[in-house]
Each structure stands twice: as structure tokens, then as C-alpha cells.
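Notes follow once the structure below has been shown.
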Amino acid sequence: MSDIPADLRYTASHEWVRSLADGSVEIGITDHAQQALGDLVFVEVPEAGRELQAGDACAVVESVKAASDVYSPLAGTVVDGNAELGSAPELINQDPYGKGWMLRLKPANPAVLGTLLDAAAYQASLAATDA
Amino acid sequence: MPHRSEQVVFEFSRPGRGATAQWPVAPEQPAADLPASLRRSEPPLLPEISELEAVRHFTRLSQLNFSIDTQFYPLGSCTMKYNPKACNQYAMLPEFLGRHPLAPESSGQGVLACLYELQEMLKDVTGMRGVSLTPMAGAHGEFAGVAMIRAYHRARGDLARNEIIVPDAAHGTNPATATMCGCIVREIPVGADGDVDVEALRAVVGPKTAGIMLTNPSTLGVFERRILEVAKIVHDAGGLLYYDGANLNAILGKVRPGDMGFDVIHMNLHKTFSTPHGGGGPGAGAVGVSERLLPFLPIPVVGRDDDRYRWLAEADLPQSIGRLSAFMGNTGVLLRAYVYMRMLGREGMSRVGEYATLNANYVLARLRQAGFDAAYPERRASHEFIVTLKRQARELNVTAMDFAKRLLDYGFHAPTTYFPLLVPECLLIEPTETESRETLDGFIAAMAAILVEAETDAARLKAAPYTMPVRRLDDVRAAKQLDLAWKPAATAVGGTA
């Protein structure tokens, strides 16, 4: 079973979002996503300053099985990308909700965060696709 | 199969050793007209070995290979059918091999006639109005196809159309091609039955739609049943339909992309028409077009004026997207496809489609009896089908990759694994029409035996293969620590970063 922390928000495409104290948000991919991808060998994260719309491809993850885009769950300006992933993509496999964070974003409209899936709804969406 | 690995050729090298009989004749004035700055000051880093050592080394390497000439190779969506030796034999006639591409048309009527007839046969079997043979590979053909779609819209002054629709089941080359051609990719889902979600298609088409790229049968191994409806939706919106020819083998002689409404198609001659696969080439990705794309075909194309064949180039096709290869593409490969099609004839073409489909459905039915799960159990397979090992992964903790590696020990090349990405823990199996019932039964028996092993001794699968020259490789480490040089020279750059 995959780990789904209760204090985060989620998308059906397997990104997670954490609210930070300064009003920005941290974004990564879920434990389920890293398990499905397998061992990651390459990660590309966006540079600070990039403007993103909700649903924009904002990062790339590549494993021995597949390459996949990561979609921004909400609109905003990139504050920071996790540069450590460039040399250590395995951090996403080892700690998807911690050291494996991918980018920090200043949301254009912080209220949108509340419209994303909560842990229970994400769990339900996983169960629906795993029929 | 020998149970050992082979050294790299440099490890056999000894100073001063060589094969003098094979040396080129030394020029009388070596590179006298080259400026000194461009001349080598040191000899190149080449292995120094005898002729016999070179012969043995490369023969042993060839024996370590899995190949269609030695083993069943059910690599889904790749159509690893057997290539009849006659195709090689005739394509390698000295009159073909010795012909210079700049020789005059008058002395090359034979090869031009072959290429012209190949164009005509490809038109006939696909239902297209024109064919160009110049693209050098499948992806090159895709590039030509989307470039023609863009040229068509541009020629009409319709500059807003820059979106290419791609189903999520598509080959990865499709969105890559669209992006390469400067288009924006709009992805649409396929439904639970494997067909394109027609409502999702209706929602994305519009004045920005340049076209849609479809594979039919799709990579899910099922025929797109609503293709005529899809064609009408896209055409009504002003877009064109692109047919990815990866799975053309399934429908050969039965149904034609042109009749389904497609405007452009690329054909992987190395899949459907039995030219050599792999090793990175040489390939051939001929393109076919409907009436409205005829002016944009890449050049040269072979034309015929009465009984004379000639190259059609810029003067004949001023709106062409241009030249994609030096001269005529890979003529040697095209000649192999020509011989193959001539040997089959129109009737043989239908039998290819029939047996490719029959063999796939036979293997699918037998594997289901053996306890495997079909990804689309309610659908008839085309020339390939998907088995999903999701249940085995959950219950027995064995993966599709474990099955694939263990198959090698049973003497079978693994099917395609983890593609398409939509189906978890999948094997995409394509037997092709050239395999005998006995070979198919052998593969089915091996799969059944591995399933029993998975249920009783999963650890055995996890460590497979046991009988190959190398055991399970660490593919993560291989991807992260690229080490491609035998022994980096002091001046060498890169390769070991």
C-alpha cells in the first residue's frame, strides 16, 4: 500500500502539494507514482521565475521503465526547484514527500489549493483506477 | 548457448600484431594536400589483432545474440517477422550494389522500375494516392508526414492550425514528432474498451487542429472500431488524419488506411515488409498520402513517362517539403521490400494479415487458459495483444520484468515490457505470421511453466536469467553511470562523466 499523508493535497495525476508558512507551496509526486515508475534515473525541475498555468508540464521524471511529465497542480511562479535531484533522482524513490520535493511555487490564487483532492479523495481515486 | 561473456576487442590487442593481407595499399604521397594542422600526429587508438582473432571475436559476439534467425522474438509493436533470404539475395545483385546514385537515369531504368513498382504496390495495399520512399526510418517518415500536414495548412493560408491530437495509447514517437514539427500536442484518453474516447476527441477539435495521429490497430492490440466516426470529426473540424504504420501488418490486404479516411501514412518497411530490423538501421519509412497532400510529398519520387522512368524533383513538385535524405533513401532496403512484396503478391498480402492475427489470437486464448489475464479480455486481438501481470505482482510479488528475464532461459526473446504505459505490469506479445504452430506451443508452454514457478518459487524468477552470457543487469546503475569507453585516451573527451 502506498503512503498518503493526511496533511497534503493531491491531484488525480499523482502530484502532491504542501502549504508552507510563507504562503508558497511545495510540489512533488506521490509515493504511488514513484512506485509505479520504479527506480528514477533522471529528473528535470523548473528554474525559479518560470510562470506556470495549472496543468502545465513543469517537470520530467524518467525511470528505467518510462519517462513522464509532472503537471503543475496550480498556477503560479516557480520560487525554487530542487537542484539536488539532478545528481540524486533516487531521493524521490526514497523520500517522495520529503527530500524528494520537486519545486516550490508562489500560487497566483492560494484559494485554489482547497479545491484539490484531500488524502481521502486521492485514496479513492487510486482505488477507482486499480479495479 | 555458450555460458560466458566475450571480452572487448581491445583486450586482445598486442603491439605490432595485425593482418597485413587486409591492409589498404599505402598511397604514394600520404595526405600531401592536407594542411599540417589537420593531420594526425599520433596513430589512432585501434586494436592490434590478427585476422583470425578478429573473425573469432565477431563470430562469438554474433553467437551471443538473440535474433530472429535463432529464436522466437515476439516483441510487440515491432513485428519481428522472418526476413526471407531471397530478399537479401536479389537486393545484393552486383548490378544493384554497383550502381552509383549519380549515374544517369538512362543507365538505371532497372532500379528506377523496381522503386516505381514498389511505390505502386504500397499505394495499392494502403489505399493512398501517392508514395515517397525517401524517409530513412519510421520516425523520419513521421516527421515527413506531420511536415506535410503543416505544409498543407500553410499553403491554404490557415496558419492557426498548430495542434496535433494524440491518444494516450500512442507510441512515444508521435508526440515527439509533433513537437519536433513545431506543433502543440493535445492528448486524449482511450476508453476502458481500448477505443479512442470519441467525446474527448469532439471536445478538443477546433480551428487550431492540424491533425490527429493514430495507430490502428492501436498499441493496445485492438482495432479502432469507430475509426470512420473519428475521421469525420477530425475532417469536419478542418484537420487531417495521420496513420502510424507500426501495426500495418495486422490489416495487410484486409482493410486500407486510405479507405478509413487517413490523409497520410508512414510505413515501417522493416516491420511490415520484411526488411532487416535493428542495429539502428539502415531503415526505411516510406510515406503515403491522400489526394490533397500529393503536392507536398518529399522528393525525389520516381515518375513514369510512357516507358521511361525518371526522378521527379523540385521542378515537378514545387510545393514539396523537400529532400529528407541524400539521393533516394536507403535503396538497398527498399529493394528488399520490393522483392518481398513481389514474392507475396496481393493474395499473399492477405494471408500475412490473416496469419498474423490468427497466431496472436491463438496464443492469447491459450495463455488465458493457462491462467494469464488479458488486458482487454472482451476484445479480439489484432496481430498483438497485452497480458497484464498486475495480479501476479500483487499476489506473488513477481513483475513483468521477472517473467521477461525468465523467458530468456527458456530460449525465447522477451515480449515488449512495460509498454504501452497505460497497462500496468504488461507484456505486449506479437507472434507474427511466420511462426509455426510448434513454436507458438513452445512459447505458451514456457509461459505456463514460468507461471507455475512464480506460484511455487518466486525467488527463482527474481534472479533470472541463469543461462545467458550475463545475469540480471543493474539497469538503474547502467543509466546513471554511463561508462562507454574501453580505456579513455588522455585526449578523449566525455564518455565517462
Problem - Residue match in the stretch B:328-337 (condition: surrounded by fewer than 23 Cβ atoms within 10 Å (Cβ to Cβ), assigned to a loop (DSSP other than H, G, I, E, B), at pLDDT below 95 and under 20 Å from the mean Cα position of the chain (by Cα)) - result: yes
Completion exercise
Every listed condition ((1) touching a helix residue (DSSP H, G or I) at 6+ places or on another chain (Cβ under 9 Å); (2) touching a residue at least 24 places away in the same chain (Cβ under 8 Å)) holds for B:Arg379 save (1)
Practice task
Evaluate the following for A:Arg104: is it touching a Cys at 6+ places or on another chain (Cβ under 9 Å), of a type in the set (D, E, K, R) and more than 14 Å from chain B (Cβ to nearest Cβ)?
Solution key: no
Problem - Members of the stretch A:1-22 found to be more than 21 Å from A:Pro89 (Cβ to Cβ), in a loop (DSSP other than H, G, I, E, B) and either touching a helix residue (DSSP H, G or I) at 6+ places or on another chain (Cβ under 6 Å) or within 13 Å of another protein chain (Cβ to nearest Cβ) (or both), listed by number - result: A:Met1, A:Ile4, A:Ala6, A:Ala12
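Looking only at helices (runs of 4 or more DSSP H) that fall completely inside the stretch B:385-497, which ones have 3 or more residues that are under 28 Å from B:Met80 (Cα atoms) and touching a strand residue (DSSP E or B) at 6+ places or on another chain (Cβ under 8 Å)? Walk me through it before giving the result.
Numbers: elements: B:390-396, B:400-409, B:437-456, B:458-462, B:475-480.
Passing ranges, in order: B:400-409.
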Exercise for the section: Run down B:Thr179, B:Thr126 and say which single residue is within 14 Å of chain A (Cβ to nearest Cβ) and polar (S, T, N, Q). Expected result: B:Thr179
Practice task
Taking B:Ile149 as the residue in question, decide whether it is in contact with a strand residue (DSSP E or B) (Cβ under 8 Å, 6 or more places away or on another chain), hydrophobic (A, V, I, L, M, F, W, C), at pLDDT 95 or above and within 20 Å of B:Ala313 (Cα to Cα).
Solution key: yes
Handout entry: Only listed residue being under 22 Å from B:Asn247 (Cβ atoms), within 14 Å of chain A (Cβ to nearest Cβ) and modelled with pLDDT of 95 or more, chosen from B:Thr432, B:Thr388
Key = B:Thr388
Exercise for the section: Confirm whether B:Ala54 is touching a residue at least 12 places away in the same chain (Cβ under 8 Å), surrounded by fewer than 10 Cβ atoms within 10 Å (Cβ to Cβ) and assigned to a helix (DSSP H, G or I). Expected result: no
Fill in the blank from the handout: Within the stretch B:462-497, residues modelled with pLDDT of 70 or more and among the polar types (S, T, N, Q) come out as B:Thr467, B:Gln481
Practice task
Specify which of the listed residues (A:Val60, A:Val25, A:Val41) is away from chain B (no Cβ under 12 Å) and either more than 30 Å from B:Gln481 (Cβ to Cβ) or over 12 Å from the mean Cα position of the chain (by Cα) (or both).
Solution key: A:Val25
Handout entry: Selection from the stretch A:63-94 of residues that are within 12 Å of another protein chain (Cβ to nearest Cβ) and in a strand (DSSP E or B)
Key = A:Ser63, A:Ala67, A:Ser68, A:Asp69, A:Tyr71
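The values are calculated or read from the model by the stated rules, or taken from the named source; none is laboratory data. As the structure is a computational prediction, the values presented were derived from the model and not from experiment. Cβ coordinates were reconstructed from backbone atoms using ideal geometry, including for glycine residues, and neighbour counts include every protein chain displayed.
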